[in-house]
Each structure stands twice: as C-alpha cells, then as structure tokens.
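Have a look at the structure below, then the notes.
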Amino acid sequence: YKEYVMEVTAYDLSYASCGKYPDHPEYAVTASGKKIGTDIFEEEGIIAAPKNFPFGTKIEIEDWGTGTVWDRGGAIKYYEKTGMYRLDIFIADSQKVKEWGKRVLKVKVFDEGEKPNE
C-alpha cells in the first residue's frame, strides 16, 4: 500500500451534499453507477476519491475504517495549495456528516490484490 496524509470530508444523500432530490432518477447513484442502499451500503465504506484512484480501490482511513472508492465529486481532487488529496466518505446521518467536518488524516491506499488489515 501507499501512505498519504489527506483531507477527509463526509457527505450524505441530502440535496446540500449531492444536488439531487429523492425523485431524481440519479438520486443515490454514484459516479461508478452503483446505487447507495441497493448495490453498495454505508457499512461497507463508500468513498469518493479523485480520478487517479480507480473505482474499486480499497482505502483505509485513520479514525474511520476501510472502504472502497465508488464515487467522485467536484471538490474531490488534489489541492496544490495544501499539497493534499481530498476524499469524501459517505455517512447516511446528516448530523454525523456535520460533526465529521473536515479532518486531516493518515490514509493507506491499497493496490489491487493487496488486502487491508482487518
């Protein structure tokens, strides 16, 4: 695996996070095409990451756990100013998203075939 220090934010399915209401045909559908709550679930660890981390990449995040990259986002990129990537983790509870805020954490990115320590 490769270790990084990254900014980690959180999102939910609210309009504020995703820009879609429940009646929108793409509501809860990630950039990978997988639907949250049908194909993938919060308990499995859903991560939005920059494009250089392919869908299916396993990432272990300090103070959170291990998840898989299934999503993208406009603010999910490398920031020259901070010298860090930003990840966004899915948390279903809006209050918990607010409590998470933005954290700078150690992250392990696993190559295909490698397994995170469970």
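The values are calculated or read from the model by the stated rules, or taken from the named source; none is laboratory data. Nothing here was measured: the structure is a model prediction, and the numbers come from that model. FYI the Cβ positions are ideal-geometry reconstructions off the backbone, even for glycines, and counts take in every protein chain you see. Ligands, DNA and RNA are excluded from the accessible area calculation, which covers all protein heavy atoms including side chains. Shrake-Rupley method; radii C 1.70, N 1.55, O 1.52, S 1.80 Å.
Structure values in brief
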read-out	value
When residues of segment 72-100 are limited to those that are β-branched (Val, Ile, Thr) and at pLDDT 95 or above, the one least open to solvent (accessible area, probe 1.4 Å)	89
Unmet requirement for residue 48, which otherwise passes all of (1) exposed (fewer than 13 other Cβ atoms within 10 Å of the Cβ); (2) free of Cβ contacts under 8 Å to residues at least 60 places away in the same chain; (3) within 23 Å of residue 99 (Cβ to Cβ)	(1)
Any hit, segment 19-37, residues being of a type in the set (Val, Ile, Thr), open to solvent by less than 50 Å² (accessible area, probe 1.4 Å) and in contact (Cβ under 8 Å) with a residue 40 or more places away in the chain	yes
Enumerated strands (runs of 3 or more DSSP E) restricted to segment 1-82, each holding at least 1 residues that are within 16 Å of residue 104 (Cα to Cα) and of a type in the set (Phe, Trp, Tyr)	2-11
Criterion (β-branched (Val, Ile, Thr) and open to solvent by 60 Å² or more (accessible area, probe 1.4 Å)) met by exactly one of 5, 69	5
Candidates 93, 63, 111, 71, filtered to the one that is in contact (Cβ under 8 Å) with a residue 12 or more places away in the chain, on the phi > 0 side of the Ramachandran plot and of a type in the set (D, E, K, R)	63
